[in-house]
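The values are calculated or read from the model by the stated rules, or taken from the named source; none is laboratory data. Owing to the predicted nature of the structure, the values given are computational and were not obtained by experimental measurement. All Cβ positions, glycine included, derive from the backbone under ideal geometry; neighbour counts span all protein chains shown.
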Amino acid sequence: MHTCTMRRTVAAVLAVLTVAGCSGPADDVFGADLYSSSCAHCHGSDLAGGIGPPLGPGSNAATLTDQQIIGVIRIGPGAMTSFGNRFTEAQLDSLVDFLRTEQGS
């Protein structure tokens with residue numbers, strides 16, 4: 001196979017895999033399970049941070065309003081993944097409730 005054709009084929013396969021992996025969680029995943037499946041990889045299973053900033057008690061996230069947190073999740077500022085509309089309103093609310101419980105507020 002010609003090098004240029006091979007590169008296009010690899011690029012197309014990677015694009016399909018990327019889009020397929022970005023479909024979001026099932027509609028029945030909420031709270032801690034949603035955090036574990038969608039957030040913990042970057043923000044840590046204990047909310048202490050890692051690739052992304054900490055989200056637990058005393059973090060900057062603890063000072064944000066619920067709507068600001070939802071906005072950050074949707075927009076994905078900086079290097080953060082933009083989750084757009086991948087989560088339902090109920091999932092977003094459950095994720096904020098989970099964070100607030102873990103933050104002790």
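Figures for the structure shown
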read-out	value
Residues satisfying the stated conditions in region 44-70, i.e. surrounded by 13 or more Cβ atoms within 10 Å (Cβ to Cβ) and hydroxyl-bearing (S, T, Y)	S59
Pairs, first closer than 14 Å to D93 by Cβ and in a helix (DSSP H, G or I) in region 16-45, second of a type in the set (A, V, I, L, M) and at pLDDT 95 or above, C-beta under 6 Å, six or more apart	L34/L95
Residues of region 59-70 classified as in a loop (DSSP other than H, G, I, E, B) and touching a residue at least 24 places away in the same chain (Cβ under 8 Å), total	1
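Conditions (1) in a loop (DSSP other than H, G, I, E, B); (2) surrounded by 13 or more Cβ atoms within 10 Å (Cβ to Cβ), marked per residue:
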{"position": "V72", "(1), (2)": "no, yes"}
{"position": "A79", "(1), (2)": "yes, no"}
{"position": "R86", "(1), (2)": "yes, yes"}
{"position": "L95", "(1), (2)": "no, yes"}
